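Peer 1: What follows is a structure written as structure tokens; I'll ask about it next.
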Amino acid sequence: MELRNTVGEDSLAILAISNEAPELVKKFAAQQKINYTVIAQPGPMPSPFDSVEYTPTNFLIDSQGRIKLAAIGLMSADEIKAVLQAP
């Protein structure tokens with residue numbers, strides 16, 4: 001959420017994907033005041049998300065749609081910014 005407050009939508013897309021029931025995801029997002037897009041996809045996830053075993057798992061994707069980094073665990077806003085700015 002901090003990241004969305006410091007990096008505009010024109011520079012960074014943030015998307016959360018959950019395989020939980022849509023009602024649960026909507027309630028959680030509202031309670032946590034999540035300020036980015038959250039999608040509920042009940043059931044099996046498409047690749048590469050189907051291989052995720054831990055939450056959170058972060059996929060940082062460049063403007064050409066290539067995964068720059070896949071990382072397990074929490075990442076700070078500064079860590080994410082550094083990855084996104086790296087060549």
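Peer 1: Can you give the charge dipole size of the chain about its Cα centre, rounded to the nearest 20 debye, using +1 on the beta carbon of Lys and Arg and -1 on the beta carbon of Asp and Glu?
Peer 2: Working: 7 positive and 10 negative charges, 24 e Å.
Here the size comes out at about 120 debye.
Peer 1: Can you give the convex hull volume of the alpha carbon atoms of the chain per residue, in Å³?
Peer 2: Working: hull volume 8.9 nm³, N = 87.
Spelled out: Cα convex hull of the chain, divided by residues, is 103 Å³.
Peer 1: Taking the chain as a Gaussian network, where each spring joins two C-alpha atoms under 10 Å apart, which residue of Pro48, Pro56, Pro22 fluctuates the most?
Peer 2: Pro48
Peer 1: Can you tell me, using C-alpha contacts under 8 Å and at least 6 residues apart, the relative contact order of the chain as a whole percent? Show your work: numbers first, answer last.
Peer 2: Numbers: 87 pairs, mean separation 19.3, N = 87.
Computed over the chain, the figure is 22 percent.
Peer 1: If you don't mind, there's one more thing I want to ask. Test of the criteria: in the chain, which trypsin sites (Lys or Arg not before Pro) are in a DSSP loop and have at most 15 other Cβ atoms within 10 angstrom of their Cβ?
Peer 2: Lys33, Arg66
Peer 1: Among Leu84, Gly73, Ile39, pick out the residue whose Cα is farthest towards the positive end of the charge dipole of the chain, where Lys and Arg carry +1 and Asp and Glu carry -1 on C-beta, about the Cα centre.
Peer 2: Value computed over the given set: Ile39.
Peer 1: Considering only DSSP beta bridges with both partners in the chain, what is the antiparallel share in %, to the nearest 5?
Peer 2: Details: 5 of 9 bridges.
In the chain, DSSP labels about 55 percent of beta bridges as antiparallel.
Peer 1: Test of understanding: given the chain, find the longest segment containing no GluC sites (Glu not before Pro) that are in a DSSP loop and have at most 16 other Cβ atoms within 10 Å. Could the numbers behind the result be given before it?
Peer 2: Values: sites that count: Glu9, Glu20, Glu53.
The longest uninterrupted stretch comes out as 54-87.
Rule-based calculations on the coordinates, nothing more; no lab input. The model shown is predicted, which means the values in this text are computed figures rather than measured ones. Note: ideal-geometry Cβ built from the backbone for every residue, glycine included; neighbour counts use all protein chains shown.
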